[in-house]
Amino acid sequence: MTAMIEVDDLSKTYVLHTQGGVEIPVFADASLTVEAGECLTLHGPSGAGKSTLLRCLYGNCKPNGGAIRIHHDGAMVDIARADPRQVIEVRKRSMGYVSQFLRAIPRVPALDVVAEPLRAIGVPLDQARQRAAELLSRLRIPERLWSLAPATFSGGEQQRVNIARGFAARHPILLLDEPTASLDAENRAQVIDLIVEAKSEKRALVGVFHDDEVREAVSTRLHTMRG
Amino acid sequence: MNTSQGYNFAYLDEQTKRMIRRAILKAVAIPGYQVPFGSREMPLPYGWGTGGIQVTAGIIGPDDILKVIDQGADDTTNAVSIRRFFARTAGIRTTSRTEEATIIQTRHRIPETPLSAGQTIVYQVPTPEPLRWLEPRETETRKMHALADYGIMHVKLYEDIARFGRISTTYDYPVLVDDRYLMRPSPIPKFDNPKMHRNPALQLFGAGREKRIYAVPPWTSVRSLDFEDHPFEVQKWSQACALCGSTESFLDEVVTDDKGGRMFVCSDTDYCQRRRDAKEAAE
Amino acid sequence: MSPLLQVSGLTRLYGDRVGCKDVGFELWPGEVMGIVGESGSGKTTLLNCLSARLEPTSGTVAYDTREEGLTDIYAMGEPRRRMLMRTDWGIVHQNPRDGLRMGVSAGANVGERLMAVGARHYGRIRAQAAEWLEQVEIDTGRIDDLPLTFSGGMLQRLQIARNLVTHPRLVFMDEPTGGLDVSVQARLLDLLRRLVTDLGLAAIVVTHDLAVARLLAHRLMVMQGGEVVETGLTDQVLDDPHHPYTQLLVSSVLQP
Ligand SMILES: Nc1ncnc2c1ncn2[C@@H]1O[C@H](COP(=O)(O)OP(=O)(O)OP(=O)(O)O)[C@@H](O)[C@H]1O
Ligand SMILES: Nc1ncnc2c1ncn2[C@@H]1O[C@H](COP(=O)(O)OP(=O)(O)OP(=O)(O)O)[C@@H](O)[C@H]1O
Ligand SMILES: [Mg+2]
Ligand SMILES: [Mg+2]
Ligand SMILES: [Zn+2]
């Protein structure tokens, strides 16, 4: 078994300087390991810090202490200490992230939003678009929308574009923050499929899944957070 | 040395002439480089060639023979008054014959008759700085000259071709002197540019208003800027001179009557006249 | 591999007023760094010091030259510095009028850098100019038009083409989308994003618009009162700002 993610004694406290320096402790001493081929679920009540932990793994959130080691190019990179260009490299080739909401890029059509992570690792345009098209069809985005920028899409459509983008480059590590929150049953089933497929390809996943059905279908293990 | 009129020889005082000569020496030492000098008020308005006159005054000696042309002609008001000026203030001989002159002061032409070693041609220069059109700051143009940073000069030629299909600049066509300094040859037609290249005569340039002197020493390379696919070319005429029949000289179009009659004649009046004289003598 | 730009202790004073103070960082090939901060925080001062246009009071800026590797740009001779500025570097001014020759055609504006480095074939210069106009989405039919007849967005795109024609490795931009209305900005941003990615350009982009920074920059430097108060990966700085000033900056816009 290969450890893809190792988190040791991670702590995070938000300090709100604009509000009199209020401190919001989120977690302390969080530790976990994720191996290739498993899907770890972060579990806990609202406000427990699930999203914060995922964001820390992705380098989007800076912890106060502890280490986050991410498997990249055959070695472990400490995301909490890596410089921006290392984090960008890890994100390009080793670690994907599906956020709760799509952050639309103005003027870029849905097909290219999804193809972009592939382009970033040097996949030729037509190949990247072909994979993007497969994913968009799988997630049942009508073809007439592919050439439009997602800014005007419905919440559910945007979220499916976001999921397609997250799965496009087949990163060895994938972080998922409530990917199915705004999806109907049929689309949820497609996402479950994608996750199961990723596990079978020995990729490591960490996710937050509120939906019991989804969690039961994909989760290998729970990591419980108390807040 | 004083002449009968009570002026110092060639009008300028000796100290001023020495200052001009120093500027000329420096200019000759650095071909194409614009040397600043303390231009003096002359008894002629700017635009009448005060820069050229000061250079001529600086180098002329009692044994010199002076020719002055304006657009190729010896007999325009401007040429006549400058010739008279030196005849009066220096008591020197003047001529219209190119090969006879030791100094030729010119506005806007180089004579057709080839110059020879020992002769000096003095150009009257209205605007000396070739880079001025794109760079108004003097400090910057100086730096560009210092660094031979001339690539953008081609922007002007590019614009010509883009707009007219060819390089349409026909006067004051920029040249590179001795493969180093970019120079404005004064508003001579580009027809004359090739004559500057490796010319046996000393070529001096004087700009009165802008107080600059520059030079092209004998046998110096003078190349006109161009593009590989739009090489430098001189003007050509389909007809010969109506007076002397020359097909090799620069022609002016002149109106002959008030009914729209016109003809092409040599702009170099001395050259044209001498060809006609020779033809007559032969007949 | 070595960084493209290595900056240390960079300080520029205006008399006793601080322009920028003790700035240090490394920029790597292909990296886009955003500089954000309020008006007067020293962004332009810093950018000008970095791009050889404003001599710093102290500190060094070393650039990875093709011949000799990292070289202090203020210690090298003027000819080399100029050469760098028109080959390896691009400078995009906030006001395109400062970066263009308004009196010559669009084609000549783009071709100028080629001619400045010795291109002497009109046909090829023109073909390259046309190619670049196309790249920045300007109708090649406008190649002989004066920039005076262009809209603000077109001028800015023309300025970009003019800079990129020599395939620079590093581009400095001061508020490239400033002064443009929103839809024009979006188009320009899209273009810049595409060019930066396709050409592997490194860039330093000054902006007060955090949304622009998020779209273009890999990493951010936040300035206040001439000093760098926070740096990091762009989304990390914007989503989890630590310095009080950065938090204020982020909280004062709707959705950066
Ligand atoms: N950017 C932020 N700045 C300040 N506080 C934050 C920030 N993000 C989250 N928090 C706080 O940190 C705590 C953990 O939030 P987080 O979003 O990680 O919880 P969560 O477990 O994902 O909750 P949910 O299930 O509701 O999504 C909450 O108290 C939240 O208010
Ligand atoms: N030439 C100058 N002489 C004196 N002070 C200057 C000069 N240029 C800038 N400053 C001062 O230096 C500080 C930083 O100015 P700078 O132009 O770098 O700010 P900026 O961050 O680019 O601001 P803006 O967003 O308004 O463009 C300011 O206090 C400014 O007043
Ligand atoms: Mg959450
Ligand atoms: Mg500024
Ligand atoms: Zn004739």
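The values are calculated or read from the model by the stated rules, or taken from the named source; none is laboratory data. The model shown is predicted, which means the values in this text are computed figures rather than measured ones. Cβ placement follows ideal geometry from the backbone for every residue including glycine, while neighbour counts extend to all protein chains displayed. Note: accessible area is taken over every heavy atom of the protein model, side chains too, but ligands, DNA and RNA are not part of it. Shrake-Rupley method; radii C 1.70, N 1.55, O 1.52, S 1.80 Å.
Which condition does C:Ala127 not pass, out of (1) in a helix (DSSP H, G or I); (2) among the hydrophobic types (A, V, I, L, M, F, W, C); (3) away from chain B (no Cβ under 12 Å), if it passes all the others?
Condition (3) is where C:Ala127 drops out.
Of all the residues that make up region B:136-159, how many are acidic (Asp, Glu) and within 10 Å of another protein chain (Cβ to nearest Cβ)? Even if it seems obvious, please write down each step before you answer.
Kept after step one, since they are acidic (Asp, Glu), are these residues of region B:136-159: B:138, B:140, B:149, B:159.
Then drop every residue that is not within 10 Å of another protein chain (Cβ to nearest Cβ), which leaves B:149, B:159.
Count: 2.
Would it be correct to say that B:Arg166 is closer than 30 Å to B:Gly58 by Cβ and either surrounded by fewer than 19 Cβ atoms within 10 Å (Cβ to Cβ) or in contact with a Cys (Cβ under 8 Å, 6 or more places away or on another chain) (or both)? Steps first, answer last, please.
Details: closer than 30 Å to B:Gly58 by Cβ: no; either surrounded by fewer than 19 Cβ atoms within 10 Å (Cβ to Cβ) or in contact with a Cys (Cβ under 8 Å, 6 or more places away or on another chain) (or both): yes.
Against the criterion (closer than 30 Å to B:Gly58 by Cβ and either surrounded by fewer than 19 Cβ atoms within 10 Å (Cβ to Cβ) or in contact with a Cys (Cβ under 8 Å, 6 or more places away or on another chain) (or both)), B:Arg166 does not qualify.
For region B:174-283, which strands (runs of 3 or more DSSP E) that fit wholly inside it have 3 or more residues that are open to solvent by less than 10 Å² (accessible area, probe 1.4 Å) and on the phi < 0 side of the Ramachandran plot? I'd like the intermediate steps shown before the answer.
On the way: elements: B:175-177, B:181-183, B:202-207, B:212-216, B:222-224, B:251-255, B:262-266.
Those strands (runs of 3 or more DSSP E) span B:202-207, B:212-216.
Tally up the residues in region B:124-143 that are open to solvent by less than 20 Å² (accessible area, probe 1.4 Å) and either within 18 Å of B:Ala207 (Cβ to Cβ) or part of a strand (DSSP E or B) (or both), please.
Residues of region B:124-143 open to solvent by less than 20 Å² (accessible area, probe 1.4 Å): B:124-125, B:128-131, B:134, B:141.
Remaining after also requiring either within 18 Å of B:Ala207 (Cβ to Cβ) or part of a strand (DSSP E or B) (or both): B:124-125, B:128-131, B:141.
So the count comes out to 7.
Can you pull out the residues in region A:60-75 that are more than 11 Å from chain C (Cβ to nearest Cβ) and buried (at least 16 other Cβ atoms within 10 Å of the Cβ)? Steps first, please.
First, pick out the residues of region A:60-75 that are more than 11 Å from chain C (Cβ to nearest Cβ): A:65-75.
Residues satisfying the conditions are A:Gly66, A:Ala67, A:Ile68, A:Arg69, A:Ile70, A:His71, A:His72.
Working only within region A:12-27, note down all residues that are open to solvent by less than 70 Å² (accessible area, probe 1.4 Å) and more than 14 Å from chain C (Cβ to nearest Cβ).
A:Phe27
Within the set of pairs 6+ apart or on separate chains, which have a first residue in region B:26-39 that is closer than 16 Å to B:Glu138 by Cα, a second that is part of a loop (DSSP other than H, G, I, E, B) and open to solvent by 50 Å² or more (accessible area, probe 1.4 Å), and C-beta atoms under 7 Å apart?
Pairs that qualify, where the first residue is closer than 16 Å to B:Glu138 by Cα and the partner is part of a loop (DSSP other than H, G, I, E, B) and open to solvent by 50 Å² or more (accessible area, probe 1.4 Å), are B:Pro36/B:Lys211; B:Phe37/B:Lys211.
With open to solvent by less than 10 Å² (accessible area, probe 1.4 Å) and either hydroxyl-bearing (Ser, Thr, Tyr) or at pLDDT 95 or above (or both) as the only criterion, which of C:Val222, C:Val136 stands out? Steps first, answer last, please.
Details: C:Val136 fails: either hydroxyl-bearing (Ser, Thr, Tyr) or at pLDDT 95 or above (or both).
Step by step, each of C:Val222, C:Val136 is checked, and only C:Val222 is open to solvent by less than 10 Å² (accessible area, probe 1.4 Å) and either hydroxyl-bearing (Ser, Thr, Tyr) or at pLDDT 95 or above (or both).
Within region A:29-59, restricting attention to residues that are crowded, with 21+ Cβ neighbours inside 10 Å and charged (D, E, K, R), which residue is farthest from A:Ala82 (Cα to Cα)?
A:Lys50
When region A:116-147 is examined, which residues are found to be within 14 Å of another protein chain (Cβ to nearest Cβ) and assigned to a loop (DSSP other than H, G, I, E, B)? Don't jump to the end; show me each part of the working.
Filtering region A:116-147 down to residues within 14 Å of another protein chain (Cβ to nearest Cβ) leaves A:116-125, A:128.
A:Ile121, A:Gly122, A:Val123, A:Pro124 - these are the residues of region A:116-147 that are within 14 Å of another protein chain (Cβ to nearest Cβ) and assigned to a loop (DSSP other than H, G, I, E, B).
Can you tell me which residues in region B:96-114 are out of contact with any helix residue (DSSP H, G or I) (no Cβ under 8 Å at 6 or more places or on another chain) and crowded, with 21+ Cβ neighbours inside 10 Å?
Once the filter is applied, which keeps residues that are out of contact with any helix residue (DSSP H, G or I) (no Cβ under 8 Å at 6 or more places or on another chain) and crowded, with 21+ Cβ neighbours inside 10 Å, region B:96-114 yields B:Ala101, B:Ile104.
From (1) buried (at least 19 other Cβ atoms within 10 Å of the Cβ); (2) at the interface with another protein chain (Cβ under 10 Å from one of its Cβ atoms), pick out the condition that doesn't hold for A:Met95.
(2)
For A:Glu157, state whether it is more than 14 Å from chain C (Cβ to nearest Cβ) and either open to solvent by less than 20 Å² (accessible area, probe 1.4 Å) or of a type outside the set (Gly, Ala, Ser) (or both).
Details: more than 14 Å from chain C (Cβ to nearest Cβ): yes; either open to solvent by less than 20 Å² (accessible area, probe 1.4 Å) or of a type outside the set (Gly, Ala, Ser) (or both): yes.
In short, yes.
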